[in-house]
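Since the structure comes first, as structure tokens, the remarks are kept for the end.
The values are calculated or read from the model by the stated rules, or taken from the named source; none is laboratory data. Here the structure is a predicted model, which is why all the values come from computation and not from measurement. Every residue, glycine as well, gets a Cβ built from its backbone with ideal geometry; the counts of neighbours run over all protein chains shown.
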Amino acid sequence: MKQVREVLRLYLLANLSARKIQGATGVARTTIQDYIKRCTLSDIHSVEILNSLNDDGLQVELFGTQQSTLTASSSKIMPDYNIVHQELKLAKKTKVTLTFLWEAYKTQYGEHAYEYTQYRVYYKRYKQKLNPSMRQVHIAAEKVFVDYSGVTLPIYNQRTGEITYAQVFVAVLGAALIDT
């Protein structure tokens with residue numbers, strides 16, 4: 001509903017076109033046009049009316065139905081996906097699969113356990129929250145990143161036949177393309 005409110009606010013307050021609203025919000029233009037069409041057919045003609053409605057009221061006003069939310073069933077027991085994830089990280093050594101872990105979970109909780117499809121869906125949602133990445137912008141040649149590779153290379157002295165070993169370090173100059 002936050003997205004719908006923002007689109008309608010820009011339409012009602014600034015009278016922006018669907019293209020400009022798309023640029024500001026990132027919502028598809030056809031979706032914006034649908035929201036605007038529904039807004040003109042409804043009783044929402046000002047930002048004050050829009051702000052006075054709660055999410056359920058706005059849902060009913062625009063779409064004619066109560067908003068249904070997908071929530072986990074309270075009769076089902078949610079598995080500890082932290083443990084599941086740790087087990088799967090060791091899967092190369094232990095040959096553990098998601099199916100095997102679900103079967104163990106299903107055996108433990110019986111009828112209070114989720115079925116395999118829902119188990120996978122919740123695990124996928126859990127995994128998406130795990131590794132957030134952060135884009136780093138480096139100005140060309142401003143920073144040098146150095147790391148020890150752990151490899152030693154033999155160096156042969158041709159005169160004496162003596163072999164000495166050299167440590168290998170890797171150095172990279174940081175750079176990133178910056179969109180302007």
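Take residue 117 and tell me if it is surrounded by fewer than 10 Cβ atoms within 10 Å (Cβ to Cβ), over 30 Å from residue 175 (Cβ atoms), within 23 Å of the chain's Cα centre (by Cα) and not assigned by TED's automatic domain parsing to the domain that holds residue 171. For residue 117, the condition - surrounded by fewer than 10 Cβ atoms within 10 Å (Cβ to Cβ), over 30 Å from residue 175 (Cβ atoms), within 23 Å of the chain's Cα centre (by Cα) and not assigned by TED's automatic domain parsing to the domain that holds residue 171 - is met. The set of residues in the stretch 120-161 that are in a loop (DSSP other than H, G, I, E, B), surrounded by 11 or more Cβ atoms within 10 Å (Cβ to Cβ) and either in contact (Cβ under 8 Å) with a residue 40 or more places away in the chain or hydrophobic (A, V, I, L, M, F, W, C) (or both) contains only 140. Scan the stretch 91-103 and give yes if some residue there is within 30 Å of residue 175 (Cβ to Cβ) and free of Cβ contacts under 8 Å to residues at least 12 places away in the same chain, otherwise no. Scanning the stretch 91-103 turns up no residue that is within 30 Å of residue 175 (Cβ to Cβ) and free of Cβ contacts under 8 Å to residues at least 12 places away in the same chain.
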